[in-house]
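Written out below as structure tokens is the structure these notes cover.
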Amino acid sequence: MRYHIHTYGCQMNVRDSEAVAALLEAAGHERAACEADAQLVLVNSCTVRDMAERKAVGKCGNLIAAKEGRGRRAEGSSVRIVGLMGCAVKRLGQDVFKALPHLDFAVGPRRFGAIPHLVERCLAGETRILELPDDDEVPAGLDAHPDASRGGASFQSHVTVLLGCDNRCSYCIVPDVRGHEYSRPAREIVAEVRALALRGVKEVCLLGQSVLRYGMRTKAWTDADAPSPGGFTEPFPRLLEALSAIDGLMRIRFTSAHPKGCTDELLRAYRELPKVCRHLHLPVQSGSDRLLAEMGRRYTRAEYLDAVRRLRGFDPEFSVTTDVIVGYPGETEEDFEATRSLMDEAGFDNAFIFKYSPRPGTRSAELPDDVPAAEKERRDQVLLADQEVRGQSRNERLVGTVREVLAEGPSIRNAARWSGRDSGNRIVVFAPPPGISPGDAVRVRITDAHPQVLVGEVDCMEALKE
Ligand code: SAH
Ligand code: SF4
């Protein structure tokens, strides 16, 4: 069948969708040219905020209407099977069929390996099939990647290294839907990245909810594994070292991080392993010690800022990005101002601001959601405006420097220019030299800065240092 996957949410969902695409292709299905042309449509859902879940469920509702010949998109629609996958399925359980009575199948995280079989069952006439994982399930098909020969692969790839989360921050539904923390064996990850590098992948992004906890709960290295040549003893820096040794791979990124993971060994890995990108996504959530304690974040404002100072200590251009929640229950003007001042002190290169959304079953959902919607919106806008100014001044410091950029392709705003990213994950726009291809490494001299984008001219084309 011709399939299409519509993905909401985080990079981990993007990765899960890639793996499901590869599994479907291995089962003989083919990627549709567009959603309207697909016979099988999967919606990969997010439930981290209420609005995210509503979007995914609403999208499924529209697809089912089109399948049944109703709704705006009914005409010309070839859809025969509609499936919902991911975090919202685990949260809703059987209730998914109350929201979507005619859904063909629903499958929670860590069970995606079952999808090709579920499609077979639907083709044989079954409907309303629900597959929910156990919290400790070790999924199949994690290393599945779309086949490069079918145009499904690029020079960048995500690799999931840590599943689930055991942190239980007060506001967060992720541990309920993605299950317990589990580190994939290092050998399996190294083999996967080696295979990707052979297919031309130059940059990998290692994924985990709290990725620096890799190898802490489940032992990721066996006694038979070789000792670390660099003498790294902590599991995550050791993984970075093992991946750095893979030929052809140029860059290693990872996300998301917790300040407790910013150990001396991690800093040493940044210093000694040139393939490891000088960027860390370090969600802070709040600058108020009172709220950080209520959220169960397990660090104080001072500890957080200390981690940032240490990262910038050996490289002032080290890029630090973050997530912030505004309007958490009981967030006063004083708490909010503490977040504003923390953001200034940390000098974030980029920040994602989220308006608090109570999630059923989480600890903070027991508290009154007492910051009015209009006030959440105001705080959101204030932080975004602050970040524009901060992003501009952080980027202006880079004018005149030369950035090593992996070219991605024509820029979205102006197809005559190309864009790519530097080691700090900053978007860099430049006039493409003749013959350039996606994945080429270029050195770009920065001539102009904007809050979210650097503009420059290509110095010369050369491969990045291996
Ligand atoms: N594991 C990551 C975060 C994953 S969720 C970490 O801890 O770093 C991504 C972001 O969504 C979080 O950083 C947080 O800012 C936001 N978020 C999570 N739950 C939320 C909620 N209930 N309301 C609003 N934002 C939320
Ligand atoms: Fe959610 Fe906290 Fe786990 Fe991140 S660390 S996924 S915010 S519980």
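The values are calculated or read from the model by the stated rules, or taken from the named source; none is laboratory data. Predicted model only: the values in this text are computed from it and were never measured. When we count neighbours, we look across all protein chains shown, and the Cβ atoms used for this are built from the backbone with ideal geometry, even at glycine.
For this structure, a couple of remarks:
- Set Ala88, Ala52: member being farther than 30 Å from Gly200 by Cα, within 16 Å of ligand 1 (Cβ to nearest atom) and in contact with a Phe, Trp or Tyr (Cβ under 7 Å, 6 or more places away or on another chain): Ala52
- The set of residues in the stretch 57-79 being hydrophobic (A, V, I, L, M, F, W, C) and within 14 Å of Asp104 (Cα to Cα) consists of Val57, Cys60, Leu63, Ile64, Ala65, Ala66, Val79.
- Against the list (1) farther than 20 Å from Glu241 by Cα; (2) in contact (Cβ under 8 Å) with a residue 12 or more places away in the chain; (3) within 16 Å of ligand 1 (Cβ to nearest atom), the condition Leu123 fails is (3).
- Matching residues in the stretch 90-117 - criterion: being outside any helix (DSSP H, G or I) and either outside the structural domain of Lys59 (by TED's automatic domain parsing) or more than 19 Å from Lys59 (Cβ to Cβ) (or both): Arg110, Arg111
- Residues being loosely packed, with under 13 Cβ neighbours inside 10 Å and within 16 Å of ligand 2 (Cβ to nearest atom) - total across the stretch 333-351: 0
- Given (1) within 15 Å of ligand 1 (Cβ to nearest atom); (2) surrounded by fewer than 18 Cβ atoms within 10 Å (Cβ to Cβ); (3) not basic (Lys, Arg), index of the condition Cys172 fails: (2)
- Within the stretch 5-48, the only residue that satisfies the criterion of being basic (Lys, Arg) and within 24 Å of Val161 (Cα to Cα) is Arg15.
- Residue count for the stretch 358-376 under the criterion of being in a helix (DSSP H, G or I) and either in contact with a strand residue (DSSP E or B) (Cβ under 7 Å, 6 or more places away or on another chain) or crowded, with 19+ Cβ neighbours inside 10 Å (or both): the result is 2.
- Taken together, the criteria exclude Gly164 from residues that are within 18 Å of Val89 (Cβ to Cβ), more than 16 Å from ligand 2 (Cβ to nearest atom), of a type outside the set (D, E, K, R) and within 20 Å of the chain's Cα centre (by Cα).
- Only residues that are touching a Gly at 6+ places or on another chain (Cβ under 8 Å) and farther than 14 Å from Gly141 by Cβ were counted across the stretch 9-41, and they come to 6.
- Of the listed requirements (1) of a type in the set (A, V, I, L, M, F, W, C); (2) in contact (Cβ under 8 Å) with a residue 60 or more places away in the chain; (3) assigned to a loop (DSSP other than H, G, I, E, B), Val79 misses just one: (2).
- Condition check for Val204: of a type in the set (Val, Ile, Thr) and under 18 Å from the mean Cα position of the chain (by Cα): yes
- Test for Pro433: is it of a type outside the set (A, V, I, L, M), closer than 21 Å to Cys205 by Cα, surrounded by fewer than 21 Cβ atoms within 10 Å (Cβ to Cβ) and modelled with pLDDT under 95: no
- Flag if Arg184 is within 16 Å of ligand 1 (Cβ to nearest atom) and either under 30 Å from Val324 (Cα atoms) or not assigned by TED's automatic domain parsing to the domain that holds Leu243 (or both): no
- When the residues of the stretch 29-49 are filtered to those that are within 20 Å of Phe97 (Cβ to Cβ) and within 16 Å of ligand 1 (Cβ to nearest atom), the one that is surrounded by the most Cβ atoms within 10 Å (Cβ to Cβ) is Ser45.
- When the criteria are applied in full, Leu291 fails the requirement of being within 17 Å of the chain's Cα centre (by Cα) and either within 16 Å of ligand 1 (Cβ to nearest atom) or within 30 Å of Leu342 (Cα to Cα) (or both).
- Considering the conditions (1) within 16 Å of ligand 1 (Cβ to nearest atom); (2) within 19 Å of the chain's Cα centre (by Cα); (3) not in a loop (DSSP other than H, G, I, E, B); (4) not acidic (Asp, Glu), Ala257 is excluded by exactly one of them, (3).
- Among residues of the stretch 272-303, those that are within 16 Å of ligand 2 (Cβ to nearest atom) and closer than 30 Å to Pro229 by Cβ, counted: 3
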